[in-house]
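Asks: There's a structure below that I have some questions on.
The values are calculated or read from the model by the stated rules, or taken from the named source; none is laboratory data. Here the structure is a predicted model, which means the values were calculated and not measured. We place every Cβ from the backbone using ideal geometry, glycine too, and count neighbours over all the protein chains shown. Surface areas here come from the heavy atoms of the whole protein model, side chains and all, with no ligands, DNA or RNA. Shrake-Rupley method; radii C 1.70, N 1.55, O 1.52, S 1.80 Å.
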Amino acid sequence: MAIEATERNARNGGRGIPAGLLAGLIIALLSLLGIGGRYQLQGDFNAVHCLFSLFFSTNLLICYWEACLFFRRDYVEARFGYWREWHKETGRTPALEFLSTRVPLSRALSPTVWADVWATYSMIDSSYSDRGTFGFTADIGNGFITPLPTLILYSTYTLGFLPAVVAGTVGAMLFWQWVYVSSLYWVSFFVSQRQGHVTRRELYTYVFALNAVWVLVPAFGLYVSVRLILDGNYGLLGF
């Protein structure tokens with residue numbers, strides 16, 4: 001299989017970019033499109049705009065990963081078994097191993113490659129290898145529903161082409177669902193007693209810290225959206 005060739009390249013120091021670095025470069029490029037576009041038009045930088053440029057860019061990449069989860073769900077389930085056995089044999093963390101795996105540029109957008117994001121995370125939360133769970137459904141829902149409103153907000157936060165009230169209304173709906181669903185994910189994780197299968201470090205790193213981004217930043221986004229509606233302008237975003 002192609003993914004096996006990728007893994008052999010990683011072990012043998014083959015060509016390619018580590019998966020974690022590649023993901024970071026994609027997010028950086030998407031973020032710079034908005035930040036650079038604003039600078040060209042406005043001649044300045046705005047901290048709030050930079051924050052949401054980064055957040056929206058990250059969400060767009062994750063939406064792609066979530067689409068990979070849906071279209072490669074059988075593969076994710078099979079790979080979960082592979083990574084579980086690999087972890088037993090090596091004692092190492094599958095997520096870190098995947099992030100260090102070298103991905104050839106020709107396969108930078110391969111759904112099969114990025115499906116391993118979920119196969120390795122399933123070692124922390126097995127719901128992503130079980131299509132009947134809340135976590136699986138919530139994430140594929142985010143992957144297919146939020147790209148369009150994310151792009152709309154990203155564009156109008158940069159260019160201001162929509163009336164501020166409209167942008168605020170779209171933002172309030174989008175940010176609220178992120179706060180609500182991400183909070184429910186934490187609830188489902190603990191109600192299902194999955195915390196008993198991970199170390200404290202894994203719990204705080206992968207469950208609390210990573211998911212907190214999708215609660216805290218959208219909570220601030222709610223505030224921004226309300227201000228856009230009440231103020232009727234983009235003053236909070238610097239224009």
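Asks: Of Arg84, Arg227, Arg201, which is the most mobile in a GNM of the chain whose springs link Cα atoms less than 10 angstrom apart?
Replies: Comparing Arg84, Arg227, Arg201 in the GNM, the peak value goes to Arg201.
Asks: Would you mind telling me the share, in percent, of accessible area of the chain contributed by carbon and sulfur at probe 1.4 angstrom?
Replies: Here it works out to 66 percent.
Asks: Let me ask something additional. How much area per residue is accessible in the chain when the probe is 1.4 Å and only protein heavy atoms are counted (Å²)?
Replies: Ligands and nucleic acids excluded, the result is 49 Å² per residue.
Asks: Another question, then. For the chain, with the dipole built from +1 on Lys and Arg beta-carbon atoms and -1 on Asp and Glu ones, taken about the Cα centre, which of Ala23, Gln177, Val165 lies farthest toward the positive end?
Replies: Ala23
Asks: Order the following by accessible area, largest value first: Cys50, Cys68. Probe radius 1.4 Å; ligands, DNA and RNA are ignored.
Replies: Cys50, Cys68
Asks: Next question. Rounded to the nearest 0.05, what FRET efficiency do Gln193 and Ser110 give with R0 = 30 Å and r taken as the Cβ-Cβ distance? Could you check?
Replies: Here the calculated transfer efficiency is 0.30.
Asks: Using Cα extents along the principal axes in Å as the read-out, say which of (1) 59, 43, 30; (2) 44, 38, 35; (3) 54, 46, 35 was calculated from these coordinates.
Replies: This structure yields the entry labelled (1).
Asks: Please work out the Cα center distance from segment 81-105 to segment 157-219, rounded to the nearest Å.
Replies: If we compute the Cα centre of each part, the gap is 26 Å.
Asks: Taking only Cα atoms and a 10 Å spring cutoff, compute GNM fluctuations for the chain and point out the largest among Gly37, Gly143, Gly135.
Replies: Maximum fluctuation in the GNM of the chain, among the listed residues, is at Gly37.
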